[in-house]
1. Suppose R0 equals 45 Å. What FRET efficiency, 1/(1 + (r/R0)^6) with r the Cβ-Cβ distance, do N523 and N56 give to the nearest 0.05?
2. Quickly rank 418-425, 31-38, 65-72 as a protection proxy: mean count of other C-beta atoms within 10 Å, highest first.
3. Taking the alpha-carbon distance from K133 and a cut-off under 28 Å, which lysines remain once sequence neighbours fewer than 8 residues away in the same chain are dropped?
4. Pairs K105/K367; K383/K442; K103/K365; K365/K442; K229/K259; K389/K481: which are spaced more than 24 Å apart, C-alpha to C-alpha?
5. What is segment 462-533 by shape, rounded, prolate or oblate, if you read a ≥ b ≥ c off the alpha carbon gyration tensor as root eigenvalues and call it rounded for a/c under 1.5, prolate for a/b larger than b/c, and oblate otherwise?
6. Quick check on segment 114-174: take the gyration tensor over C-alpha atoms, sort the square-rooted eigenvalues as a ≥ b ≥ c, and tell me if it's rounded (a/c under 1.5), prolate or oblate.
7. Go through P521, A485, T469 and say which Cα lies farthest out towards the positive end of the charge dipole of segment 462-533; charges sit on Cβ, +1 for Lys and Arg, -1 for Asp and Glu.
8. If you average 1/r over every pair of different alpha-carbon atoms in segment 378-473 and take one over that average, what Kirkwood value in Å do you get?
Amino acid sequence: MRFVFALAGSLTALYAALPAAVQAKGPALVTSDGPASVIMTVYRDPYRGEQVINSNWPGGYALITETRTIQIPAGESVIRFEGVSEGMYPESAIVTGLPEGVKEKNRDARLLSPAGLIDAYLKREVELTRTNKATGISRKQNAMITAGPGGGVILETGEGFEALRCTGLPEKLNFARVPKDLAAKPTLSVITQSSKAVNATVTLSYMAAGFDWQANYVLNAGDIAADHKLDMNVFAWLTVANGGNQSFDQASLQVVAGKLNKERNAALPAGPDPFLRLQCWPMQRTDQVPFRQPYGTFTNPSFVEYEDAAAESIIVTASRMKGAPMEMAMAPAPPPPPPAPAIVAQQEELGDLKLYRVPEPMDVKAKGQKQVAMIVQPEAEFKLIYRVKRETLYGGNNYIPVLPTLISKNDEEKGLGVPLPSGQGMVFENAMSAYLLAGEVKVADRAVGDKIEWVMPASNQVKLLHLITANDANGYDISLKLTNANPFDIEAEIELPEGIGRLPDNVRRVDGKNIWFVTLPGNDEMNLAYRISFKR
């Protein structure tokens, strides 16, 4: 017996002399609440084309690099990086700065939410509290969650099985603690080893879905000259979208223009539905359940009074104008040009791609968009030409859409000479008192030196009538009538189909196409006849 006690005492002394990390039953848990600095590089959705950004869940992605300072204990520890993007691709995560590297990585998809808490407590006891509406007295009892959260929550109490919130009494569940595998924010956890306690600066880099960017152009057009040229103020916003629930404050933001060869990633890990949907069922027969209108109808008196007041004020204003002399007011001067933006994204080269770096830190908020000036070219020269594509010339006795097209070249001589990323453009015209929207255009990627063709919506002032005047076994005759209802001259280019036997006057073959070049005065029309032959 003395030998046994002596051996036990020796083992106790030996255990006490061991380091704390060895004595612990499991690895230490270290939580990093958020990054000290963030660098975010956003790439466009490679499959979006010329469509706008998907506001619900953007289809692009981002490379996010975070710097965090973490106190790492001696021994094995689990480090939890909270606040990462919920669209993180776990296989892309790289952690550097740990004393002895990373042993294991885990993307924790189970988030703290009503449904997530119910799911974590399945087959476990909780405290159920019910309050009597009449007396205000609360009664507490233990209950076990036997099913949930999808479609409802089933509880087992001493009184049997029942559904949560189906008794008609106010009810709430009290949980003893939050399970360790539930996090309030999207979390990446890694297991690491350290021979001693250190205060480490750790860098976490990863790819994440749910981001996108595009260029939004604001194009202010000047007056059209006699040679059909006009000056254009070309301005573009850099629009960055964050579709996730995580904000990135004071991030160093940059975007990459161009299409990368990116393959589709594996599906993101998905946790349970965060929303708790409680459903009850009537205990009576269906003919005993009273029918209730889901919504009532009511009248807002203040709204009616506001309507009456507005109508009265309109009548009074109109009566005062009776008998007043009609004077022609002078048109106000055109608005001054907008001031230069304070922050403009700076363009840099990235191999065959273009990188735009925002010079100051920016907040990229959750479920939001951020805009920064990107392109400022105040005096770009364009030419307005009305065009018709040959594939639209079909049928008889019908009008063909004529598309006003802004044409230029992306070089310094034309006032441009900068890469133009794809995006959406809004064209405004000077209406003396203000710039008014004239139409929208789609802007394709254009490098320096490329031709620019921005197509406006079909014109209502310039029309082309397409008529088939004769038809036989050898071919058919076509008559075109181009009309210009504008008070100014226009220049038009009409593409004609193949198979024309002899090209009419003003029709030339350019780049393998038959094009009718027209300069049409204001409030005038012009006709063209040609024959399409079936014999080649």
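What follows draws every value from the coordinates through simple rules; no lab data is involved. These numbers were taken from a predicted model, which means no experiment stands behind them. Neighbour counts are summed over all protein chains in view; Cβ atoms, including those assigned to glycine, are modelled from backbone coordinates with ideal geometry.
1. Approximately 0.40, to the nearest 0.05.
2. 418-425, 65-72, 31-38
3. Result set, ordered by chain and number: K172.
4. Violating the 24 Å Cα-Cα cut-off are K105/K367; K103/K365; K365/K442; K229/K259.
5. Details: a/c = 3.10, a/b = 1.58, b/c = 1.96.
Since a/c reaches 1.5 but b/c is at least a/b, the shape of segment 462-533 is classed as oblate.
6. Prolate is the answer for segment 114-174, as a/c is 1.5 or above and a/b outweighs b/c.
7. So the residue furthest toward the plus end is T469.
8. The answer is 15.6 Å.
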